[in-house]
Amino acid sequence: MKSQRQAKIMEIISTTNVETQEQLLQELEEAGFRSTQATISRDIKELRIVKELTTLGTYRYTTAAKELPSAFSTRLNTIFRECVTRYDYAQNIVVIHTLPGLASAAASAIDAMNMSVVVGTLAGDDTVMVVMRDSNAAAQLCGEISNLTN
């Protein structure tokens, strides 16, 4: 039940501008999840959800951008340093080009990191598509790839 609730929380904050815990609790109840404010508060902490300032001057919940750097390992560093030829992102999708035959290894390394901001990966022969929870996470991932490959 906890993992389903937390998955629903991530879905809600990625699709709705949620400003308060009370609003998040209401959204969860409308989705069929009964909970308390204390439980929601613990979920927010466990999921590393933070508030960010929107362009409208209000705040909304989002995933913590600092999660990505700590998730990279030596294995990922080596894979990216050796096989990535170029990369870019559009909105919440990161496209990574690799040497021929190495896209699956790069996608597998990303999957093994178990980053909550990564929804999933899809690999071809020399191209990986990484679907992120939001555009901030996509930009952060490209920044990390840049640090690893330069």
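The values are calculated or read from the model by the stated rules, or taken from the named source; none is laboratory data. Source: prediction; values computed, not measured. In this analysis, Cβ positions are derived from the backbone assuming ideal geometry, glycine residues included, and neighbour counts consider all displayed protein chains.
Taking the condition of being without any contact (Cβ under 8 Å) to a residue 24 or more places away in the chain, within 19 Å of Ser116 (Cα to Cα) and of a type in the set (Val, Ile, Thr), how many residues in the range 1-38 meet it?
3
Looking only at residues that are without any contact (Cβ under 8 Å) to a residue 60 or more places away in the chain and surrounded by 19 or more Cβ atoms within 10 Å (Cβ to Cβ) in the range 126-142, which one is farthest from the chain's Cα centre (by Cα)?
If we filter the range 126-142 for residues that are without any contact (Cβ under 8 Å) to a residue 60 or more places away in the chain, which is where we start, we get 126-132, 135, 138-139, 142.
Next, only the ones that are surrounded by 19 or more Cβ atoms within 10 Å (Cβ to Cβ) stay: 128, 130, 132, 138.
Numbers: Val128: 16, Val130: 10, Met132: 5, Ala138: 8 Å.
The selected residue is Val128.
With the structure loaded, tell me whether Glu82 is modelled with pLDDT under 90, closer than 26 Å to Cys142 by Cβ and of a type in the set (Asp, Glu) or whether it fails that test. Please lay out each step first, then the result.
On the way: modelled with pLDDT under 90: yes; closer than 26 Å to Cys142 by Cβ: yes; of a type in the set (Asp, Glu): yes.
So Glu82 passes the test.
How many residues does the range 1-19 contain that are surrounded by 13 or more Cβ atoms within 10 Å (Cβ to Cβ) and either part of a loop (DSSP other than H, G, I, E, B) or touching a Pro at 6+ places or on another chain (Cβ under 7 Å) (or both)?
Of the range 1-19, the ones surrounded by 13 or more Cβ atoms within 10 Å (Cβ to Cβ) are 5-6, 8-14, 16-19.
Then keep just the ones that are either part of a loop (DSSP other than H, G, I, E, B) or touching a Pro at 6+ places or on another chain (Cβ under 7 Å) (or both); that gives 16-19.
Total meeting the criteria: 4.
What is the residue count in the range 35-49 for residues that are surrounded by 15 or more Cβ atoms within 10 Å (Cβ to Cβ) and either of a type outside the set (Asp, Glu) or assigned to a strand (DSSP E or B) (or both)? Let's see the steps before the verdict.
Residues of the range 35-49 surrounded by 15 or more Cβ atoms within 10 Å (Cβ to Cβ): 35, 39-40, 43-44, 47, 49.
Now narrow it down to the ones that are either of a type outside the set (Asp, Glu) or assigned to a strand (DSSP E or B) (or both): 35, 39-40, 44, 47, 49.
Number satisfying all stated conditions: 6.
Among the residues of the range 85-105 satisfying the criterion of being among the aliphatic types (A, V, I, L, M) and in a helix (DSSP H, G or I), which is modelled with the highest pLDDT?
Of all residues in the range 85-105, those among the aliphatic types (A, V, I, L, M) come to 90, 93-96, 99, 102-103, 105.
Restricting the remaining residues to those that are in a helix (DSSP H, G or I) gives 103, 105.
Details: Ala103: 92, Ala105: 85.
Only one residue fits best here, namely Ala103.
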